[in-house]
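This is the structure I want to talk about, given as C-alpha cells.
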Amino acid sequence: MNILLTIRLAIKGLLANKIRAFLTILGIIIGVAGIILIVSVGNGAESLIVNQIKSVGSNLIGILPGGREEGEPPAAAFGIIITTLKEDDIKALKEIPHVTAVTGYAKSVTQVLFRNKKVESTVTGTTSEYPEVEDAKLANGRYFNDLDENSVAKVAILGSKIKQDLFDDTNPVGENIKIKNETFKVIGYMEERGASGFSNNDSLVFIPLKTMQKIILGTNHVSMGRVKVDDASHMDETVDTVIRILRTRHGIDNPKDDDFTVASQEQGLQILTSVTGSIKILLTAIAAIALIVGGIGIMNVMFIAVTERTHEIGLRKAIGAKQKDILRQFLIEAISITSLGGIIGILIGTVISALIAFVIQTLGYKWDLIVTPDSIIIAAGVIVGIGIVFGYAPAKKASLLSPINALRYE
Amino acid sequence: MNKDPLLVIKDITKDYSTGSVVTSALKGVNFEVYDGDFIAIMGHSGSGKSTMLHIIGFLDTPTSGTYLFDGIDTTKLTEDDLADIRNKKLGFVFQAYNLLPRTSALDNVRMPMIYAGVDEKIQFEKATKALEAVGLSHRMKNHPNELSGGEQQRVAIARALINNPRLILADEPTGNLDSKSTEEIMGIFDELHRKGHTIIIVTHEDNVSDHAEQIVKMKDGLVFQHHISEKHEHIAHNKAGN
C-alpha cells in the first residue's frame, strides 16, 4: 500500500471531522509544546545560572552553613535557614596562605526609601573586603572600612540601578536613605556590573555585616561566606584547609557531623546543575503524562475509526488487502494524526519559548533562546512512538476482522 | 471443452451460531464451474445463495466440505494466501458498489493493483483504460458521491477487472439500480462473457438471470436445480442445429 496515498487519505479523513480531529490532537499538541518549552526554558535558566557563577570567578570558594549528604545539594541551597556559620568563622579563614580576601554575607529583602521614592532591594551585609572578593568597583565615594564595621555604622553603598532609581543622575554621596525605618548615610555607589543570574548585583544595597546583623536582622550568623584564592591552582589545597579550620573551630571530629559545606565554584556549578536537572526531570515527567493522556485519546479515536470504517476494511480485504496492509494503514493513520499534533506542538512550543526569551532579554538578563535540534528530534521520536504504541491495538483489531463480517457491518 | 473445472465444491456446509442456536445456511452443496461459464445463482432470501457466493469468493470459510480452486485445495490456505487469491484471481461486484468514499474513481480502480504491488505508472495506465472501457473517461477524478448509481457500479466493475481475474463474482449487482442502468450493467457483463470471462451472479431478478448461461437455483441451503437458461438453451439448440 502506497504510504503517501495512505497519509493523504488519513488527513482527508481527519479534516472531514474537524472538531474531533482538533480535540484528538490537542493532548499531543500540549505534550509536545510542553517538552519543547521545558527543554528550552530549562536550558535558558541553566545558562543564566552558569553565566552568573562564571562571572563571579573561578578562584572563589563558597562556604554555606549546614552539612550535606554525598551528591546532594546543601540544605541552604533550598532556602533553609541554618545559623551555625558566624562572621568569625569567615574572618579566621583570612589567615590561610594563598587566601587574598574573605567576606561573609547576610541578606534581607526590604524597602529602601529616599524622600518620597521607594524601591524594593536586597540589602546585603558584607565586610570591607567584599569589593576585592567579587571584583566590584565603586563609581564614586568609598566602600565601608573596618572602622565602620566595628562601630556598627549606619552607612550604605548603592548598586548602580538603585542609585539611578532613587537619585537619577544626581550624586547620592552624603544623602540619607531609610532602610527599615533606620537612617543610613550613603557613602558611595557601584559601577554598573550588568545583570547576570537571578540576583541582579546592580539592584543591591550594601551595608556593613555587623550593622545588618544587629540593626536589621537581629541575628549573629551569616548566610554565606566567600574566600578568594590568589590562583586557581591553589584551589584544592585551600578548600581542604578551609574545611580543617572550620572543623577545628566547631569542634567536629567526624566529617559526617559537618555543619557547613565548602565548595569551589566548580563544585557549586555541579550542585546547581543537579538542582536544575532534577527540576527538568520533574517537568519532563509532567509533559510525559500529558503525552500519554494524549496518546490514550489517539487510541480511543483510532478504535472509533476502526469501528466506523469496518465496512471499508471488509472491502479492502475483499479486493486483496492482507492483514499487514490493514495494520500498516491504520498505524500510518495514527502516526499521521500524532505527527500533525506534534508539528503544531513544536511550532507552539518554539513560539512560546521565543516569547519567554524575548521578555527576559527585555528585562536585561542574558537569556539565550535555546531550541536545540535535540529537543525537536526527541519530540519527533516521541510523537512517532506514541502513534505506534497507541495506534497498534486499534490497527491490530482492524487487521484481524473477517472480510465477510466486516463487509456485512453497517 | 474437456478441461478441468476452475472450481469444484464438494459437500460444503456452513453453520452460523448465535449463542446456543445453530443455523445451517448451507447443508451440503456440490457445484462445478468451468472457465468461460456465466452462471446465475437464484433463490429467495435465506436460501443460502449469498453465503454460497461468499464462500466461493473466499470472503467466508465453510464449516465442512472441500473447495478446489484452480486445482488447489483451498481449505488449508492461510488468511494471507486467500487475500492473494482474492486480489489476483477474483473480482467482486457488490450490490452497494462498495467504493471507498473521499477517493476518486481512478484511485478506487487502482486499489487492487496497489495491493498487488503493481508499478504506479502502470496502475494509472491500466486504471485509465479500464474506466474508458466502461465509458467513464470523463469521471476519473470524481468521488463516488458525485456519481450516479449506474456510474458507481461501472467503477466497481472496472475495479473488479483490473487485475485480470479468473472469476468475476457479482452479488445482486443491479439490486440498487433502475431498469435503464440495469440494462447497461448487464450489457457490460454480456460483453465480458463474450470475451471469455467466467462470471457468477447472485440475483433474484429474472431479467438479470436471463443473461446467464446456466441457472443454479437454491432453496434452504441446497441446490435444487442446475440447468441451462432458456435463452441459452435456445441459442445452444440453434448452434447444435447448425
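The values are calculated or read from the model by the stated rules, or taken from the named source; none is laboratory data. In this text the structure is predicted, and so the values were computed from the model without any measurement. Virtual Cβ from ideal backbone geometry, glycine too; neighbours counted across all protein chains shown. The area values use the complete protein model at the heavy-atom level, side chains included, leaving out ligands, DNA and RNA. Shrake-Rupley method; radii C 1.70, N 1.55, O 1.52, S 1.80 Å.
Taking A:Ile404 as the residue in question, decide whether it is in contact (Cβ under 8 Å) with a residue 24 or more places away in the chain and either more than 14 Å from every other protein chain (Cβ to nearest Cβ) or over 25 Å from B:Leu99 (Cα atoms) (or both).
no
Let me ask another. Restricting to segment A:1-39, count the residues that are more than 12 Å from A:Glu333 (Cα to Cα), open to solvent by 40 Å² or more (accessible area, probe 1.4 Å), part of a helix (DSSP H, G or I) and not hydrophobic (A, V, I, L, M, F, W, C).
Looking only at that region, the number is 2.
Which of the numbered conditions does A:Ile252 fail, given that it passes all the others? Conditions: (1) open to solvent by less than 50 Å² (accessible area, probe 1.4 Å); (2) under 16 Å from A:Val239 (Cα atoms); (3) out of contact with any Pro (no Cβ under 8 Å at 6 or more places or on another chain).
Every listed condition holds for A:Ile252 apart from (2).
While we're here: Mind listing just one residue for me: the one in segment A:40-77 that is open to solvent by 40 Å² or more (accessible area, probe 1.4 Å) and hydrophobic (A, V, I, L, M, F, W, C) and, of those, modelled with the lowest pLDDT?
Step by step, filter segment A:40-77, then rank; the result is A:Ala77.
Let me ask something additional. Among B:Leu53, B:Leu59, B:Leu90, which is crowded, with 20+ Cβ neighbours inside 10 Å and without any contact (Cβ under 8 Å) to a residue 40 or more places away in the chain?
Exactly one residue qualifies, and that residue is B:Leu59.
Right, next: Is one or more of the residues making up segment A:361-369 among the acidic types (Asp, Glu), away from chain B (no Cβ under 14 Å), part of a helix (DSSP H, G or I) and surrounded by fewer than 21 Cβ atoms within 10 Å (Cβ to Cβ)?
Within segment A:361-369 (the criterion being among the acidic types (Asp, Glu), away from chain B (no Cβ under 14 Å), part of a helix (DSSP H, G or I) and surrounded by fewer than 21 Cβ atoms within 10 Å (Cβ to Cβ)), the answer is no, since none of the residues qualifies.
Do you know which of the residues in segment A:293-307 that are closer than 12 Å to A:Ile386 by Cβ and either outside any helix (DSSP H, G or I) or among the β-branched types (Val, Ile, Thr) (or both) is nearest to the other protein chains (Cβ to nearest Cβ)?
Once the filter is applied, the top-ranked residue is A:Ile298.
While we're here: Mind checking which residues of segment B:153-173 are out of contact with any strand residue (DSSP E or B) (no Cβ under 6 Å at 6 or more places or on another chain), crowded, with 22+ Cβ neighbours inside 10 Å, in contact (Cβ under 8 Å) with a residue 40 or more places away in the chain and not aliphatic (A, V, I, L, M)?
Within segment B:153-173, B:Gln153, B:Arg159 qualify.
Assuming A:Leu401 fulfils every condition listed in (1) surrounded by 15 or more Cβ atoms within 10 Å (Cβ to Cβ); (2) farther than 30 Å from B:Phe94 by Cβ apart from one, which condition is it?
Condition not satisfied by A:Leu401: (2).
A further question follows. Just one of (1) out of contact with any His (no Cβ under 9 Å at 6 or more places or on another chain); (2) modelled with pLDDT under 90 trips up B:Arg102, so point out which.
All conditions are met except number (1).
Taking into account only those residues within segment A:280-307 that are open to solvent by 40 Å² or more (accessible area, probe 1.4 Å) and closer than 19 Å to A:Ala393 by Cβ, which is farthest from the chain's Cα centre (by Cα)?
Once the filter is applied, the top-ranked residue is A:Thr307.
Also: Residues to consider are B:Ile199, B:Ile228, B:Ile185, B:Ile215; find the one that is of a type in the set (Val, Ile, Thr) and surrounded by fewer than 18 Cβ atoms within 10 Å (Cβ to Cβ).
B:Ile228
Hey, another quick one. Can you find, within segment A:79-97, the residue that is most open to solvent (accessible area, probe 1.4 Å) among those that are in a loop (DSSP other than H, G, I, E, B) and either out of contact with any Asp or Glu (no Cβ under 6 Å at 6 or more places or on another chain) or at pLDDT 90 or above (or both)?
A:Ile81
Here's another thing I want to ask about it. Within segment B:78-86, identify whether any single residue is farther than 21 Å from B:Val223 by Cα, within 13 Å of chain A (Cβ to nearest Cβ), touching a Lys or Arg at 6+ places or on another chain (Cβ under 6 Å) and not charged (D, E, K, R), and answer yes or no.
Yes: one or more hits.
B:Arg102 versus (1) open to solvent by 30 Å² or more (accessible area, probe 1.4 Å); (2) within 8 Å of chain A (Cβ to nearest Cβ); (3) part of a helix (DSSP H, G or I): which is the lone unmet condition?
It fails just one condition, (3).
Let me ask something else about it. Please specify each residue of segment A:322-357 satisfying the condition of being within 13 Å of chain B (Cβ to nearest Cβ), of a type in the set (A, V, I, L, M, F, W, C) and surrounded by fewer than 22 Cβ atoms within 10 Å (Cβ to Cβ).
The answer is A:Leu327, and nothing else.
Also, I was wondering about something else. Restricting the search to segment B:69-87, which residues are touching a strand residue (DSSP E or B) at 6+ places or on another chain (Cβ under 7 Å) and open to solvent by 60 Å² or more (accessible area, probe 1.4 Å)?
Once the filter is applied, which keeps residues that are touching a strand residue (DSSP E or B) at 6+ places or on another chain (Cβ under 7 Å) and open to solvent by 60 Å² or more (accessible area, probe 1.4 Å), segment B:69-87 yields only B:Thr75.
Conditions (1) on the phi > 0 side of the Ramachandran plot; (2) within 14 Å of chain A (Cβ to nearest Cβ); (3) within 18 Å of the chain's Cα centre (by Cα), marked per residue:
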| site | (1), (2), (3) |
| --- | --- |
| B:Leu26 | no, yes, no |
| B:Asp37 | no, no, yes |
| B:Met42 | no, no, yes |
| B:Thr51 | no, yes, yes |
| B:Ile56 | no, yes, yes |
| B:Leu59 | no, yes, yes |
| B:Thr63 | no, yes, no |
| B:Tyr67 | no, no, yes |
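Let me ask something additional. Collect the residues in segment A:115-128 that are open to solvent by 20 Å² or more (accessible area, probe 1.4 Å) and assigned to a strand (DSSP E or B), keeping them in residue-number order.
Result: A:Lys117, A:Lys118, A:Val119, A:Glu120, A:Thr122.
Okay, next question. Taking helices (runs of 4 or more DSSP H) that fall entirely within segment B:147-218, which contain at least 1 residues that are in contact with an Asp or Glu (Cβ under 8 Å, 6 or more places away or on another chain)?
By residue number, B:149-161, B:179-194.
For segment A:286-304, what are the residues that are more than 17 Å from A:Ile383 (Cβ to Cβ) and at pLDDT 85 or above?
Scanning segment A:286-304 gives A:Asn300, A:Phe303, A:Ile304.
Here's something else I'd like to know. For segment A:129-170, name all the residues that are touching a Lys or Arg at 6+ places or on another chain (Cβ under 7 Å) and in a loop (DSSP other than H, G, I, E, B).
Matches in segment A:129-170: A:Ala136, A:Val152, A:Lys154.
Here's a check for you: in segment A:308-321, which residue that is under 14 Å from A:Ser402 (Cα atoms) and open to solvent by 40 Å² or more (accessible area, probe 1.4 Å) is farthest from the other protein chains (Cβ to nearest Cβ)?
A:Arg309
Would you mind stating whether B:Asp107 is surrounded by 16 or more Cβ atoms within 10 Å (Cβ to Cβ), under 14 Å from the mean Cα position of the chain (by Cα) and within 13 Å of chain A (Cβ to nearest Cβ)?
Taking the combined requirement at face value, the residue does not satisfy it.
Read through the list (1) surrounded by fewer than 18 Cβ atoms within 10 Å (Cβ to Cβ); (2) within 14 Å of chain A (Cβ to nearest Cβ), then give the number of the only condition that B:Gly149 fails.
Unmet condition: (2).
Still on this model: Considering only residues that are part of a strand (DSSP E or B), farther than 20 Å from A:Thr310 by Cβ and at the interface with another protein chain (Cβ under 9 Å from one of its Cβ atoms), which ones fall in segment B:87-99?
B:Leu90, B:Gly91, listed by residue number.
Among (1) at the interface with chain A (Cβ under 7 Å from one of its Cβ atoms); (2) part of a helix (DSSP H, G or I); (3) open to solvent by 60 Å² or more (accessible area, probe 1.4 Å), where does B:Phe124 come up short?
All conditions are met except number (1).
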